[in-house]
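Only one structure is covered here, and it is reproduced in the block below.
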């Protein structure tokens, strides 16, 4: 639209120039009044912008994919249809997938019941074994414990008998030993006396009576007495030894009885320990059976497989993830589905993705207003706002930033105008408004000059009675600048005043004639609109 306005202005200027030349050809050749161009002063809207181009897009665009390769069975939508989230876009022919899922579900349910029963049986066995053991009702342990108790009583009895017998044996032994020792001592004394008598008699009478009957007879009696004493002594010695031996033998009998009772007790204790170990092992086995049953009942893999099949079945019904308009349909009925199937976009929420040159990027910021136009829609301007500016320039194919001469920054312009005729995919322009003023005076950039004191001035062409114009300097204050125009203000400015377009061509007080006036608006008068890109 900006280009068209400029074109109209340029055409008007050309016409004025041609007319001026034609008029000048009929004027007297002696006229020395210079001819200048001027612009009638009028209020306008002045913008300082960064211009860029882009394509209209949806702010909410969703691509619907499928990873299945079943053929498309039904396709109830087409491009342009309005859909809501959850609406069916198409259905795929899933074949016998439902039967497979049903079989898997039945098998899973059956296995779960069997596993439950097995767990319950294992748990019952464990509970029964544990309860019986804790209540002291286990027959094996009780029988073994009875044997231990009986063996312990037998051992205690044997130990008591041994203790009592030891006292009795010791008492009897002491008496018997005393008597036997006394008998031995008496026999020893008799033996010693008999031996002495025999030896003394033999020694005394051997020489005198040796060989005599009397001697031999008496010696024989003494010998017999000695031998009898020796026999008595030997018997007394044997009796003493027999008394000790009899006591030891009797003691051994009780020791053996006690040892046998001890052995029986130890064996019973070992048997009880073994029985307890066996029962505890049975209890642990029952507990292990519960764990094993639970492990065998773990159907995680089967459940995941079933879930995967169910997910695949659910995916066979392709639905809209968001509400919007179907802008592309890639699915083909009766053809295998693959990859991208649909594009759903919100046609009421639009944006334009643009690229901003490096030399402009420091002048723009998010939140700035934007004037949006479309190539296909003449004389229409739509409101927008700079929503996002990329923090980095556009990367090349190698992932690196472009060269300094080509650096561009991607940005999103949100179109805020409602109910626009804009369509997704339209090419257009976006003018990012850096500065904007309404109802201000603006003149061509070359119309502003400086006087001798350095103040900014414009030159107005004041009409004279003879049809010429007198150049008058008007002090002004300048404002925002565009590529072609500059804002001016001042007390001496009036609507419709003819401002000389090029201040370098004339001087204050000089008489001039106008070769034509260039209107500041498309309609030729009144307040208008002027905008341009930034001055480089």
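The values are calculated or read from the model by the stated rules, or taken from the named source; none is laboratory data. Please read these numbers as outputs of a predicted model, since none were measured by experiment. Positions of Cβ are generated from backbone atoms using ideal geometry, with glycine treated the same way; all protein chains shown enter the neighbour counts.
Is region 461-479 home to any residue that is touching a strand residue (DSSP E or B) at 6+ places or on another chain (Cβ under 6 Å) and within 30 Å of residue 352 (Cβ to Cβ)?
Filtering region 461-479 for residues touching a strand residue (DSSP E or B) at 6+ places or on another chain (Cβ under 6 Å) gives 461-464, 468-479.
Keeping just the survivors that are within 30 Å of residue 352 (Cβ to Cβ) gives 479.
Checking region 461-479: at least one residue is touching a strand residue (DSSP E or B) at 6+ places or on another chain (Cβ under 6 Å) and within 30 Å of residue 352 (Cβ to Cβ).
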- The residue that is modelled with the lowest pLDDT, considering only those in region 205-224 that are farther than 15 Å from residue 195 by Cβ and touching a helix residue (DSSP H, G or I) at 6+ places or on another chain (Cβ under 7 Å), is 209
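Take region 254-289 and flag every residue that is closer than 17 Å to residue 161 by Cβ and exposed (fewer than 13 other Cβ atoms within 10 Å of the Cβ).
Here is the first cut: in region 254-289, the ones closer than 17 Å to residue 161 by Cβ are 254-265.
256, 263, listed by residue number.
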- Matching residues in region 477-533 - criterion: being surrounded by 19 or more Cβ atoms within 10 Å (Cβ to Cβ), at pLDDT 75 or above and under 60 Å from the mean Cα position of the chain (by Cα): 482, 485, 486, 487
- Considering every residue within region 440-457, establish whether at least one is under 60 Å from the mean Cα position of the chain (by Cα) and either modelled with pLDDT of 95 or more or in a strand (DSSP E or B) (or both). yes
- Note on the structure: For residue 438, the lone unmet condition from (1) within 30 Å of residue 474 (Cα to Cα); (2) surrounded by 15 or more Cβ atoms within 10 Å (Cβ to Cβ) is (2)
- Residue check, residue 428 against (1) within 14 Å of residue 56 (Cα to Cα); (2) within 39 Å of the chain's Cα centre (by Cα); (3) part of a strand (DSSP E or B), all met but one. Which one? (2)
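Residues are listed down the side, and each one gets a yes or a no for (1) surrounded by 14 or more Cβ atoms within 10 Å (Cβ to Cβ); (2) free of Cβ contacts under 8 Å to residues at least 24 places away in the same chain; (3) in contact with a strand residue (DSSP E or B) (Cβ under 9 Å, 6 or more places away or on another chain); (4) on the phi < 0 side of the Ramachandran plot:
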position: 298; (1), (2), (3), (4): no, yes, no, yes
position: 304; (1), (2), (3), (4): no, yes, no, yes
position: 310; (1), (2), (3), (4): yes, no, no, yes
position: 324; (1), (2), (3), (4): yes, no, yes, no
position: 341; (1), (2), (3), (4): yes, no, yes, yes
position: 344; (1), (2), (3), (4): yes, no, yes, yes
position: 350; (1), (2), (3), (4): yes, no, yes, yes
position: 368; (1), (2), (3), (4): yes, no, yes, yes
position: 375; (1), (2), (3), (4): no, no, yes, yes
- residue 106, sole failed condition from (1) over 19 Å from residue 285 (Cβ atoms); (2) touching a residue at least 40 places away in the same chain (Cβ under 8 Å); (3) in a helix (DSSP H, G or I): (2)
